[in-house]
Amino acid sequence: MSELTFEQMLEDTIKTIHSGDVVEGTVIDVKTDEIVLNIGYKSDGILTKSEYTNDSSVDLTSVVKPGDIMEVKILKVNDGEGQVVLTYKRLAADRGNKRIEEAYNNKEVLKATVVQVLEGGLSVVVEEVRVFIPASLVSDTYEKDLTKYMGQEIEFVISEYNPKRRRYIGDRRQLITARKAEMQRELFERIHEGDVVEGVVKNVTDFGAFVDLGGADGLLHISEMSWGHVEHPRKVFKVGDKLEVLIKEINGSKVALSLKFEDQNPWRDAAEKYAIGNIVTGRVARMTDFGAFIELEPGVDALLHVSQISREHVEKPADVLNIGEEITARIVDFNEMDRKISLSIKAMAAQEAAEEVAVEDKTEEEA
């Protein structure tokens, strides 16, 4: 039996490789555009930058060093010059594809960083596989500007998996919708009519403000913003304002809010402050042809009828009064049930005149 030659013995120790095999190799040299690996074969393996990553700006010497162990895939056993051609990114893509398939089947929530903002959505990379998230699936509300997501790590699920067409679609909207539904459920279990809760102004309209309660929005109607008159909600609130609001009513998923707290109700002690005969001072808030409404304090208005403005005839209030003008008058009627107060400057003037006459008469008698 003939003895084996050294070359034959060496040949027996070298592994056999085929295109498509996944092998482990040791980095023996790194250049800016290629990596050389010892894969236990008679020839070293060459891994070019284009087969390492899709990012052309990467400097291989900054991410790989001699001695590193890498798993790679065989592209060609012989490139025509006796070298083995390797790929790293395609192996990573295969694994990424498998990862996405598993996530799709299991409805798993994935996390990835947004690497590109496109006209129609966002692009993220999951283990070297690009996943596209259409603009309509980025949020549960329309977002015109998606650039704020660039470089941000976001969560999503795979809603479409089509490896043949390399079509992988992510969906972030359903996660947001599900979380909001859960937050809403928890909120409605926690709040009750009469509770005072914290909220943040989310939107301001002509008729009120929508306040985010942390799971649902409540409406703070303009009529519930103050005991006093509110000209326009935007003059009182702006988006982002933090408020403590009263839960006035819960009707299904609709929540009515109020800032008219009962302990601040100006009518609580109105019967004493605005008793008939009292002299009060107020500000002309608005006028009609039949009279002027005088604000005695925020939430308490009184009517000064045109016939009670002066002892002389007044055609209409605007002829003698101005908005914002301060006037002093006597309370001549108080209706707590209907929250109506009537004033009279004429009655006050008449009484003052009578008192002056009485003083003069008394002075003459004493004389």
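Please report, in debye to the nearest 20, how large the charge dipole of the chain is about its Cα centre when each Lys and Arg carries +1 at its beta carbon and each Asp and Glu carries -1 there.
So the magnitude is around 1880 debye.
Can you sort Tyr52, Tyr142, Tyr149, Tyr104 by 1.4 Å-probe accessible area, starting with the largest?
Tyr142, Tyr104, Tyr52, Tyr149
What do you get for Rg/Rh of region 260-341 when both radii come from the Cα atoms and Rh is the Kirkwood radius?
Numbers: Rg = 13.0 Å, Rh = 13.3 Å.
Here the Rg-to-Rh quotient is 0.98.
Do the sum for the chain: with -39,500 (n - 2.57) for every DSSP H run of n ≥ 4, divided by all residues, what is the mean residue ellipticity at 222 nm, to the nearest 500 deg cm²/dmol? Intermediate results must be reported in sequence, preceding the final value.
Details: 6 runs with 74 residues, N = 367.
Value at 222 nm, helices only: -6500 deg cm²/dmol.
Rounded, prolate or oblate for region 82-130? Axes are the square roots of the Cα gyration tensor eigenvalues, ordered a ≥ b ≥ c, and the cut-off for rounded is a/c under 1.5.
In terms of gyration-tensor shape, oblate.
Using alpha-carbon positions, what is the distance between the centroids of region 176-198 and region 201-235, in Å?
Here the answer is 18 Å between Cα centres.
How big is the shadow of the Cα convex hull of region 177-327, averaged over all directions, in nm²? Could the numbers behind the result be given before it?
Values: hull surface 45.0 nm².
Across all orientations, region 177-327 yields a mean hull projection of 11.2 nm².
Find which of Val138, Leu75, Val30 sits farthest along the positive direction of the dipole of region 1-152, computed with +1 on the beta-carbon of Lys and Arg, -1 on that of Asp and Glu, about the Cα centre.
In region 1-152, that residue is Val138.
Taking the Cα-to-Cβ direction at Asp289 and at Glu249 and moving 7 Å from each Cα, how far apart do the two end points lie in nm?
3.5
How much length is gained if the chain between Arg311 and Arg234 is pulled fully straight, taking 0.36 nm per residue apart and subtracting their Cα-Cα distance, in nm to one decimal? List each step's numbers first, then the result.
Working: separation 77, 0.36 × 77 = 27.72 nm, distance 4.16 nm.
Contour length minus Cα-Cα distance gives 23.6 nm.
Run the numbers for Gln264 and Lys65: contour at 0.36 nm per residue of separation, minus the present Cα-Cα distance, in nm. Before the final figure, lay out the partial values.
Numbers: separation 199, 0.36 × 199 = 71.64 nm, distance 7.26 nm.
Fully extending the segment from Gln264 to Lys65 adds 64.4 nm.
Between Val64, Gly218, Ile247, whose Cα lies farthest towards the positive end of the dipole of the chain when Lys and Arg beta carbons carry +1 and Asp and Glu beta carbons carry -1, centred on the Cα centre?
Positive-most Cα among the choices belongs to Val64.
Tell me, which longest segment in the chain has none of the trypsin sites (Lys or Arg not before Pro) that fall in DSSP loops with at most 14 further Cβ atoms within 10 Å?
Values: sites that count: Lys15, Lys31, Lys42, Lys107, Lys144, Lys164, Arg165, Arg166, Lys238, Arg268, Arg311, Arg339.
For trypsin sites (Lys or Arg not before Pro) (loop position, at most 14 other Cβ atoms within 10 Å), the longest site-free span of the chain is 167-237.
Compute the FRET efficiency between Lys180 and Ser223 as 1/(1 + (r/R0)^6), taking r as their Cβ-Cβ distance and R0 = 22 Å, and round to the nearest 0.05.
So, using R0 = 22 Å, E works out to roughly 0.20.
Relative to the compact globular guide of 2.2 N^0.38 Å, what is the alpha carbon radius of gyration of the chain, as a ratio?
1.98
Extension gain Ala349-Ser136, at 0.36 nm per residue separation less the Cα-Cα distance, in nm?
Net length gain for the segment: 69.6 nm.
According to a simple spin-label model (label point 7 Å from Cα along Cα-to-Cβ), what is the distance in nm between Lys340 and Val200?
With each label placed 7 Å out from Cα toward Cβ, I get 4.6 nm.
Beyond 14 Å, what share of the Cα-Cα pairs of region 204-246 is found? Please give it as a whole percent.
More than 14 Å apart: 42 percent of the Cα pairs in region 204-246.
Using only the heavy atoms of the protein chains and a 1.4 Å probe, how would Phe290, Phe210, Phe261, Phe156 rank by accessible area, largest first?
Ranking Phe290, Phe210, Phe261, Phe156 by accessible area, largest first, yields Phe290, Phe210, Phe261, Phe156.
In a Gaussian network model over the chain where Cα atoms closer than 10 Å are linked, find which of Glu297, Glu352, Glu155 has the largest mean-square fluctuation.
Maximum fluctuation in the GNM of the chain, among the listed residues, is at Glu352.
When the Cα centres of region 279-356 and region 50-102 are compared, how far apart do they sit, in Å?
A separation of 89 Å, based on Cα centres.
Using a 1.4 angstrom probe on the protein heavy atoms only, could you order Trp267, Trp227 from most to least accessible area?
Trp227, Trp267
The values are calculated or read from the model by the stated rules, or taken from the named source; none is laboratory data. None of these values were measured; they are calculated from a predicted model. Backbone-built Cβ (ideal geometry, glycine too); neighbour counts: all protein chains shown. Each accessible area value is taken on the protein alone, full model and side chains, heavy atoms only, with ligands, DNA and RNA left out. Shrake-Rupley method; radii C 1.70, N 1.55, O 1.52, S 1.80 Å.
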